[in-house]
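Okay, structure first, notes after.
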């Protein structure tokens, strides 16, 4: 089934793209949700006339998202955790921890926007990507330090 997308979808296409999808997916999901319309000559003409206004609106949204991403990129988070041997943490720093800390600093975002492949399990500085909008990402620095102070002081005490 051929449909014309009225909204951009990450794995399907952008606004105004004519794509072929499974019939059930088009009829039962895309069209009822307003994501797509059936690809007919009349619908194609109508969508082309609306495309310019849509693209201006999307450019404004992207500009706002970029401003938000620029502010977010200035953020540096610090977590104090208990550390075992070889700098490995007891526990880890998760996307939830990062989300809570960002909300405390006034940034409202969803946990799924935090692109963390695996929990942070070592001390040190880590770069975490946050997906602000479909094409806009921000990178924040997450610093994980020993809760009991620097490791060197522990090693000197044990000698």
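The values are calculated or read from the model by the stated rules, or taken from the named source; none is laboratory data. Because the structure is predicted, anything quoted here is derived from the model rather than measured. Glycine also receives a Cβ, built like all others from the backbone with ideal geometry; neighbour counts cover every protein chain displayed.
The residues listed here are 26, 16; of these, the one that is surrounded by 15 or more Cβ atoms within 10 Å (Cβ to Cβ) and not in a loop (DSSP other than H, G, I, E, B) is 26. Checking each residue in region 137-159 for being at pLDDT 85 or above and either under 15 Å from residue 74 (Cα atoms) or assigned to a helix (DSSP H, G or I) (or both) picks out 137, 138, 139, 140, 141, 142, 143. Criterion first (at pLDDT 85 or above, under 21 Å from residue 135 (Cα atoms) and surrounded by 13 or more Cβ atoms within 10 Å (Cβ to Cβ)) does residue 69 satisfy it? So residue 69 fits the description; yes. If you go through region 1-37 and pick out every residue that is in contact (Cβ under 8 Å) with a residue 24 or more places away in the chain, farther than 28 Å from residue 131 by Cβ and out of contact with any strand residue (DSSP E or B) (no Cβ under 6 Å at 6 or more places or on another chain), you end up with 2.
Does region 102-120 include one or more residues that are within 30 Å of residue 4 (Cβ to Cβ) and surrounded by 12 or more Cβ atoms within 10 Å (Cβ to Cβ)? Among the residues of region 102-120, at least one is within 30 Å of residue 4 (Cβ to Cβ) and surrounded by 12 or more Cβ atoms within 10 Å (Cβ to Cβ), which makes the answer yes. Number of residues in region 38-91 that are part of a strand (DSSP E or B), on the phi < 0 side of the Ramachandran plot and either in contact with a helix residue (DSSP H, G or I) (Cβ under 6 Å, 6 or more places away or on another chain) or assigned by TED's automatic domain parsing to the domain that holds residue 110 (or both) equals 10. Residues of region 96-131 that are part of a helix (DSSP H, G or I) and under 13 Å from residue 79 (Cβ atoms): 96, 97, 98, 99, 100, 101, 102, 104.
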